[in-house]
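One structure is given here, and the rest of the page talks about it.
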Amino acid sequence: MTVLQLDAVTRVHGAGDNTVHALREVSLTAATGELVAVMGPSGSGKSTLLNVAGGLDRPTSGTVAVEGADLSTLRLRDLVALRRRHIGYVFQDLNLIPSLNVIENVMLPHELDGVRRATAKKQAASALAEIGLAHMAARYPDEISGGQRQRVAIARALVGERRLLLADEPTGALDSAAGDDILALLRSRCEAGATVLLVTHEARYAAWADKVVFLRDGAIADSTDLSSDGSAASAR
Amino acid sequence: MNGLLPVLRLSLRLSIRGIRRAKGRSALIAAMVGVPVMVFTAFFTIVTTADVSHEEGLPWTLGSADAKIFTRWYMQEGAARARPATAEELSPLLPPGSRLLRVDTANVPYRTDRWHAPIALLQVDFKDPLTRGMVRLTEGRMPTAAGEIAVSAQVVEAGARVGQDLTIGDSAAVKRVVGAVEGPPHTFLIAAPGGGVDGGRTDVSWLVDAPRPLLRHDLRNLDGHGFSAVSRAVAPASETPASGSLLWGSGNTSLAEHGPVGVLFGLTMSLIVVEVALLAGSAFMVGERRRRRELALVVAQGGEPRHVRTLMMADGLLLGALGSVLGAALGVALVFLLQPLIAAVYRPLGPFDVPWWDTATVIGLGVVSALLACLVPARRAARADTAAALAGRRIAPRSRRGLPVAGAALLVAGTAGAVAALWANGAVFLIGCLLVQLGLVLLAPTLVDLVGALSSRAPLPIRLAARDAVRHRGRTAPAVVAVTAAVAMTTAIGVSLSSTQARHERDYSPLQPLGAVVVEKAGHSREKWAEVGERLRMELRGVPLIEQSVLVSRAPGQPEHGAGSSIRIVGCAVPCVLLGGRLPVGNAALLRYLLGRNDHATSAALDAGKVIAFDPAVVRDGHVKLKRRGPTGAVDTITMPAVLAHPATGTVLKVLLPKSAANTLGLAVEPYAYVINPRDHAVGEEERQRLNAALLQVTYAGEVRIERGWPHTQTFSFALLTAAVTAVALAAALVAAGLARVDARPDIASLASVGATRRVRRLFTAGQAGIIVGSGAVVGVLLGLALGVAAYAMAARPPGRGVTSFVVSPDFGIDLPWLLLGGMVIVLPLAAMGVAALFTRAEEPLTRRLA
């Protein structure tokens, strides 16, 4: 089942002489259980792609659909609700709110959604248990390691019914061992049914992906399907 | 409303932890809200505590009696007379079986190590159970014999001791202090019946023990027979403000009705709310800037703009509540602890009383101010570009250019309103000032642009600071407005005070030559007055003491309070200055004192029984005409020979009468004052204090005064105001500079990377503060000048005089306080720059790219 679908997405910043094409006619799909890696040099449009995919930014043209819902047709409130219930973000660093402890950080999307505290806590505890950090629930972000912080961010991104995880350089601030752990975790979440769109500039992490997309100057320069069934990549 | 509670809970949790994490910033905002709340709460608590309500005062007045009937004083033929109240007269007016207990009250001075002003002396039989509750014995026993006395705590504080003697009354009776008591908040003494002192006025009142409560119709009946009474069963017709609420009040008073003080109070209060909203608003903006990524993360996790707004507003709610509650508690606690000091400085206090409604209102206002303050930062945060914040990209500030046309229109309308208040009242002035403030808020961004444009030739750090201020108008403008409003208010008050002062100085006509020493007789008895003269002569050792006398309205030997004659000088233009409204009488020494030189011819004329006139208008053909209205109302004119003299002392007295004139007019001569001619002996402040202390050994009312011209009295309160403005300006500068530093970290890093020294970086921050305070001060001074002139014209205009004729008349002189204005425009910005530079961390900032 297709979880994320980008169709001829273009994002233009500025106007006239200052026009910058961050994305040009990008089309991409990600299905349930798939890990799609987006690679490319600095300024190639990787982060913009992620922002557009999650509805944090709107495309100038083209469509973005998450779990069948066309983001461009949604009202702001519904778009935000979609993000709360179906999409999780993980950034390079500073993912967690320092004033909230680990479990409260994981509870955040549910609390914003008005879910009862007890229910939110139960689901957050279960998400933490899945990544092996249940014992860290009461700690604050600055009391745990960088790798643990990223794991907590991943738990938050996939808490409850959330199935689409958008990760922007999640290993960028980690050493290689911790980075490998994070990739292993992301892979295992995909095996459990999640869909991950991973932006990275490290080629070795591409090996964990089912599909690798190369961006250059905002356009897809190449696309490789590494999945075991070898089905063709949908890219242009 | 779906899910509002969890979000609110989350917001409060985040806010509480955020407050704990940024303790300094939180304390600053809480203090901005809390300090004004503290001041207002303390003010209301003092006023409420000082006012003794009917219920609070009842036991002191009535003891355990049902009612108290008072002697009623009234005016008859210009003299105060008492309606004598005797038990025989009262009994038929009271329910049968009523019992009466007599209470005599006199006012007597008393002496410890010195004389003290008169206080109440209560003579009543305290063994009678009706007096139970009037006072509480704290030491010793109640007086039972004529030579015994009990004293209140205040008298003990003044030095009286149980077991020792105390001298009381003009007759200096000696009484043994046998007890100390606590009671109403006025200094008082208690004696047994017959234990009073001779002389002075005694009021008789009666405590009533009735078989039934005395109701309103009983009081009316007593009133009809010429007696006033207080009954336990009848509440007074009008309540004192203390038992109600000062803020909520009785609903029929408005600020404008309290005159200039009310206007000033209203202006200060509105200014404080505006300042809190502006300054705390800037501080909240710092918080918004610091929390930008955190808020973006919330949005990334599905937070809606309203969630972000709630998160930001929670800060305002918590810090506002924290600051307000702490401020109110501190205000109440301060008044509670400082009661003795307040009673000494302000006035005697009643039982400690907290005005709960007013306090709650002030706390509510504090919270509302804080919420208003974070409204704009909350809106900004909700609209922020999430993607840019998450990527750590610098977000271009929304360069609102303000609403210059609307701002200018409001400014003009407000100033016009303030000027129009001359023809209307204080409320219009207040509205005008508020419009001006609002206009300033809208105009400020344009002003900031102007400053930016002017800085193109300034040195690099200042130029950078100016450009940065322009780029971030949103944060610069509120700080500029805060400074402008504070400076404008000080300037307005300064101009108004200084002009009033100058006018008083111009108009002041000293009754005595400058430098003269004066001790006025006031209420002294003839014997006491002689004693005062004796003491002064002893202290001054050989310096001539001149006695100034006046003609009084009664004939020699007549009782003091009888109907008298009044005398008027024909041709004497108003104000016809005399001594205490009476004609001065004196000898050659007094004439020399008034003239400031020896003038043998004039002196001989005075000796020969001629009137000495100092005003040519009162002399016609070598004579002065006096019009006398006798006790019966008959008017006759007396003509006396006179000579004109030209005093060198600038005395404003119109005439000096020879002693023989008293016989001619058939009136008695009374001493008015002792004076020392400055040509005989100049007295300095030290000697004045020595003389004062010596006189307090003899009398309580013999104050030694030196004629120094118009007294400058408002310096202290004005200095306090200036200090407050300086604090506001510095706070504005620091908050704005702090905000600028957060914004400018990448710029400072770039500066450091191209080799800028610490000095340049410090100058950059100092420049930010200088631009804010400097531009705010210049505009504030200009605005304050206009408002100050209007305020002065409003306060100084004599009643019944047309505005236009007053403003164009020579009486309307504006005096500019140059020192203050210079200080505001030059010293204040420099001080702000210095403070900002001092508080700047000049270490090299490290910036990093987040994504």
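The values are calculated or read from the model by the stated rules, or taken from the named source; none is laboratory data. Just so you know, these numbers come straight off a predicted model, no measurement behind them. Quick reminder, even Gly has a Cβ in these numbers, built from the backbone with ideal geometry, and neighbours come from all protein chains shown.
Answer yes if at least one residue in the stretch B:277-287 is in contact (Cβ under 8 Å) with a residue 40 or more places away in the chain, surrounded by fewer than 23 Cβ atoms within 10 Å (Cβ to Cβ) and not basic (Lys, Arg), and no otherwise.
For the stretch B:277-287, residues in contact (Cβ under 8 Å) with a residue 40 or more places away in the chain, surrounded by fewer than 23 Cβ atoms within 10 Å (Cβ to Cβ) and not basic (Lys, Arg): absent.
Between B:Leu850, B:Leu828, which is in the same structural domain as B:Thr765 (by TED's automatic domain parsing) and either modelled with pLDDT under 70 or small (Gly, Ala, Ser) (or both)?
So the residue among B:Leu850, B:Leu828 that is in the same structural domain as B:Thr765 (by TED's automatic domain parsing) and either modelled with pLDDT under 70 or small (Gly, Ala, Ser) (or both) is B:Leu850.
Please verify whether the stretch A:148-163 includes one or more residues that are touching a Phe, Trp or Tyr at 6+ places or on another chain (Cβ under 8 Å) and assigned to a helix (DSSP H, G or I).
Yes, the stretch A:148-163 has at least one match.
Among the residues of the stretch A:4-24, is there at least one that is of a type in the set (D, E, K, R), touching a Cys at 6+ places or on another chain (Cβ under 9 Å) and surrounded by 15 or more Cβ atoms within 10 Å (Cβ to Cβ)?
No, that holds for no residue.
May I ask you to list the residues in the stretch B:94-107 that are at pLDDT 85 or above and either farther than 24 Å from B:Asp218 by Cβ or not in a strand (DSSP E or B) (or both)?
Residues satisfying the conditions are B:Leu94, B:Pro95, B:Pro96, B:Gly97, B:Ser98.
Scan the stretch B:190-218 for residues that are among the acidic types (Asp, Glu), at pLDDT 85 or above and part of a loop (DSSP other than H, G, I, E, B) and report the count.
Number of matching residues: 0.
Every residue in the stretch A:101-119 that is assigned to a helix (DSSP H, G or I), within 7 Å of chain B (Cβ to nearest Cβ) and surrounded by fewer than 24 Cβ atoms within 10 Å (Cβ to Cβ), please.
If the condition is that a residue be assigned to a helix (DSSP H, G or I), within 7 Å of chain B (Cβ to nearest Cβ) and surrounded by fewer than 24 Cβ atoms within 10 Å (Cβ to Cβ), then A:Arg117 is the only one that fits.
Of everything in the stretch A:32-59 that's within 14 Å of chain B (Cβ to nearest Cβ) and of a type in the set (S, T, N, Q), which residue is farthest from A:Pro170 (Cα to Cα)?
The qualifying residue farthest from A:Pro170 (Cα to Cα) is A:Ser44.
Pick from the stretch B:295-335 the residues that are over 30 Å from B:Ile46 (Cα atoms) and without any contact (Cβ under 8 Å) to a residue 12 or more places away in the chain: which of them is surrounded by the fewest Cβ atoms within 10 Å (Cβ to Cβ)?
B:Glu304
Just give me the residues in the stretch B:471-508 being touching a Gly at 6+ places or on another chain (Cβ under 8 Å) and surrounded by fewer than 24 Cβ atoms within 10 Å (Cβ to Cβ), in sequence order.
B:Arg473, B:Ser499, B:Ala502, B:Arg503, B:Glu505, B:Arg506, B:Tyr508 - these are the residues of the stretch B:471-508 that are touching a Gly at 6+ places or on another chain (Cβ under 8 Å) and surrounded by fewer than 24 Cβ atoms within 10 Å (Cβ to Cβ).
Across the stretch B:18-37, which residue is farthest from the other protein chains (Cβ to nearest Cβ) among those that are more than 19 Å from B:Gly331 (Cβ to Cβ) and not hydrophobic (A, V, I, L, M, F, W, C)?
B:Gly24
Can you work out which of the residues in the stretch B:351-363 that are in a helix (DSSP H, G or I) and in contact (Cβ under 8 Å) with a residue 12 or more places away in the chain is nearest to the other protein chains (Cβ to nearest Cβ)?
Only one residue fits best here, namely B:Ile363.
So, in the stretch A:87-99, of the ones that are of a type outside the set (Gly, Ala, Ser) and surrounded by 21 or more Cβ atoms within 10 Å (Cβ to Cβ), which residue ends up farthest from the other protein chains (Cβ to nearest Cβ)?
Restricting to residues being of a type outside the set (Gly, Ala, Ser) and surrounded by 21 or more Cβ atoms within 10 Å (Cβ to Cβ), the top hit is A:Val90.
Can you tell me which residue is surrounded by the most Cβ atoms within 10 Å (Cβ to Cβ) among those in the stretch A:132-151 that are under 26 Å from A:Thr48 (Cβ atoms) and in contact with a Pro (Cβ under 8 Å, 6 or more places away or on another chain)?
A:Gln150
Just to be sure, is A:Gly62 in contact with a Leu (Cβ under 8 Å, 6 or more places away or on another chain), of a type outside the set (S, T, N, Q) and buried (at least 23 other Cβ atoms within 10 Å of the Cβ)?
Considered against the rule, which asks whether it is in contact with a Leu (Cβ under 8 Å, 6 or more places away or on another chain), of a type outside the set (S, T, N, Q) and buried (at least 23 other Cβ atoms within 10 Å of the Cβ), A:Gly62 comes out as no.
Within the stretch B:90-111, can you find the residues that are touching a residue at least 24 places away in the same chain (Cβ under 8 Å) and hydroxyl-bearing (Ser, Thr, Tyr)?
B:Ser98, B:Thr105, B:Tyr110
Can you pull out the residues in the stretch B:403-453 that are under 25 Å from B:Ala466 (Cβ atoms) and either within 27 Å of the chain's Cα centre (by Cα) or at pLDDT below 75 (or both)?
B:Leu403, B:Gln437
Looking only at the stretch B:533-542, how many residues end up being at pLDDT below 85 and of a type in the set (A, V, I, L, M, F, W, C)?
Of the residues in that region, 1 qualify.
Results for (1) more than 18 Å from the chain's Cα centre (by Cα); (2) more than 30 Å from B:Arg21 (Cα to Cα), shown as yes or no for each residue.
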position: A:Tyr140; (1), (2): yes, no
position: A:Pro170; (1), (2): no, no
position: A:Leu185; (1), (2): no, yes
position: A:Val213; (1), (2): no, yes
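Need the failing condition index for A:Asp78 against (1) facing chain B (nearest Cβ under 7 Å); (2) surrounded by fewer than 19 Cβ atoms within 10 Å (Cβ to Cβ); (3) touching a strand residue (DSSP E or B) at 6+ places or on another chain (Cβ under 9 Å), just the number.
Evaluating A:Asp78 over (1) facing chain B (nearest Cβ under 7 Å); (2) surrounded by fewer than 19 Cβ atoms within 10 Å (Cβ to Cβ); (3) touching a strand residue (DSSP E or B) at 6+ places or on another chain (Cβ under 9 Å) leaves (1) as the failure.
Kindly establish whether A:Arg162 is crowded, with 17+ Cβ neighbours inside 10 Å, within 12 Å of chain B (Cβ to nearest Cβ) and not small (Gly, Ala, Ser).
yes
Can you spot a residue in the stretch A:123-130 that is more than 19 Å from B:Val7 (Cβ to Cβ), more than 14 Å from chain B (Cβ to nearest Cβ), within 20 Å of the chain's Cα centre (by Cα) and among the aliphatic types (A, V, I, L, M)?
So far as the stretch A:123-130 goes, yes, one or more of its residues are more than 19 Å from B:Val7 (Cβ to Cβ), more than 14 Å from chain B (Cβ to nearest Cβ), within 20 Å of the chain's Cα centre (by Cα) and among the aliphatic types (A, V, I, L, M).
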